[in-house]
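Structure record follows, encoded as structure tokens.
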Amino acid sequence: MSHLANRDLDLLACLRVLLEEANVTRAAERLRMGQPAMSVALSRLRQQFSDELLVRVGRDLELTPFASSLRAPVERAVTLIETALGSSEPFEPARARKTFSLVAPDHVAALLWPAVSRILTEAPGISLEIKPVASEPLSSDRMLLREDYFAVPPVGDTMSESMVIARDVYVGLLDRDNPLRPAPGGPIDWDSFKTLPHAVAKAETEFRSPVDLMLGELGFAREPVVRVSSYLQLPTVVSGTSLLAVLPSSVAEQLAPATGTIVVELPFGPVEKISSLWWHPARRNDPSHVWFTSRLLRELS
């Protein structure tokens, strides 16, 4: 009990944000306190843990190895405390007013929209803002806290929670008059796959897709001649050309009939595409976020 008595809960909150931001100024802004006060808190934390916690590397601050090891247990501890001290009032969807943010490529937004539209009928004051995927990878807790949900996977030493929203497989797409198209129902042969010019979506140029990982194992790398921003654009781009595109089956099957293209199996067998949503663990303290996430799971299951 004496160990707990010697610890300040406000100091624990400062520690949590300092570990997330790795920046004294931003941490102070998050907690709406002055930078000098946050610097004092950091000094006290350094003294308590006998560790620098944040060290300067060039112009930036980075977590020490010990500080990195604290991130998960501190997040769990603060979450439990906030839950214990939080309001017991239930979340009421019909009366709530809130805008959730989602960073997602077009095809994921289209995949989610039917479920989201059903959820919004229960909560007319709630809306969803869909934002484009940034070119920079989702590589820090600070970035993960900027929005409610992300449909791109975090990289590096980032704490996150996630749920699978869809499972699909990748297929090839060709113009229906392409002379290298396979027999109906058959896969495109390996030589044709390597010979044809490729069109790819932006997501595949910035985040290596499972198909490109598979191709890497086979010793082949695509060198696309056309790049578009979304899988949804690929059928129109392929139509009337010699291009080959690889995209999720659900997108290809829906758009192929209207664009004069045909869906073909890949020469190396099916490759699964798993679509997931990610969010920061701190969101579990938000009753509205918990409700929206649980409703998504129910609609998509």
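Once the Cα atoms are used to define both axes, helix 249-259 deviates from the longest principal axis of the chain by about 50 degrees. Using a probe radius of 1.4 angstrom, the carbon and sulfur fraction of the accessible surface of the chain is 53%. Once the gyration tensor of the Cα atoms in segment 230-278 is diagonalised, the equivalent ellipsoid follows with semi-axes of 20, 14, 9 Å, ordered largest first.
Histogrammed with a bin width of 10 Å, the alpha carbon distances of the chain distribute as 5, 22, 25, 21, 15, 9, 3, 0 percent, first bin at zero. Is the shape of segment 143-301 rounded, prolate or oblate, going by the alpha carbon gyration tensor and its root eigenvalues a ≥ b ≥ c, with a/c under 1.5 for rounded and a/b larger than b/c for prolate? Because a/c hits 1.5 or more and a/b exceeds b/c, segment 143-301 counts as prolate. Solvent-free Debye calculation, one equal scatterer per alpha-carbon of segment 101-174: log10 I(q)/I(0) at 0.13, 0.27 Å⁻¹ equals -0.48, -1.34. Compute the Cα gyration tensor for segment 64-203, then decide on rounded, prolate or oblate, letting a ≥ b ≥ c be the square roots of its eigenvalues: rounded whenever a/c is under 1.5, prolate when a/b is larger than b/c in the other cases, and oblate in all that remain. Oblate. Angle of helix 65-85 to the longest C-alpha principal axis of the chain, folded into 0 to 90 degrees and rounded to 10: 80°. Coordinate range of the alpha-carbon atoms in segment 7-50 per principal axis, descending: 24, 18, 17 Å.
Could you give the angle, 0 to 90 degrees to the nearest 10, between helix 106-120's Cα long axis and the longest principal axis of the Cα atoms of the chain? Result, in degrees: 60. Evaluating kT/(6 pi eta Rh) at 25 °C and 0.890 mPa s, with the Kirkwood radius of segment 102-145 over Cα pairs in the Stokes-Einstein relation, gives 203 µm² s⁻¹. In the chain, with Lys and Arg counted as +1 and Asp and Glu as -1 at Cβ, which of these residues, L9, P93, I188, has the Cα nearest the positive end of the dipole, that is, farthest along it? The residue sitting farthest along the positive end of the dipole is L9.
At an R0 of 25 angstrom, the distance between the Cβ atoms of L12 and E299 translates into a FRET efficiency of 0.10. Solvent exposure of segment 112-205 amounts to 48 Å² per residue of accessible area, where only protein heavy atoms count and the probe is 1.4 Å. Placing +1 on the Cβ of every Lys and Arg and -1 on the Cβ of every Asp and Glu, with nothing else charged, gives the chain a dipole about its Cα centre of roughly 640 debye. A crude spin-label estimate for the pair F220 and T25, with each label 7 Å from Cα along the Cβ direction, gives 5.1 nm. Mean sequence separation of contacting Cα pairs (under 8 Å, at least six apart), scaled by the length of the chain, corresponds to a relative contact order of 21 percent. Rg then Dmax, both in Å and based on the Cα atoms of segment 164-222: 12.9, 38.
The values are calculated or read from the model by the stated rules, or taken from the named source; none is laboratory data. Quick caveat: nothing in here was measured; it's all calculated off a predicted structure. Note that we place each Cβ from the backbone using ideal geometry, even for glycine, and neighbour counts take in every protein chain shown. The accessibility values were calculated without ligands, DNA or RNA, using every heavy atom of the protein model including side chains. Shrake-Rupley method; radii C 1.70, N 1.55, O 1.52, S 1.80 Å.
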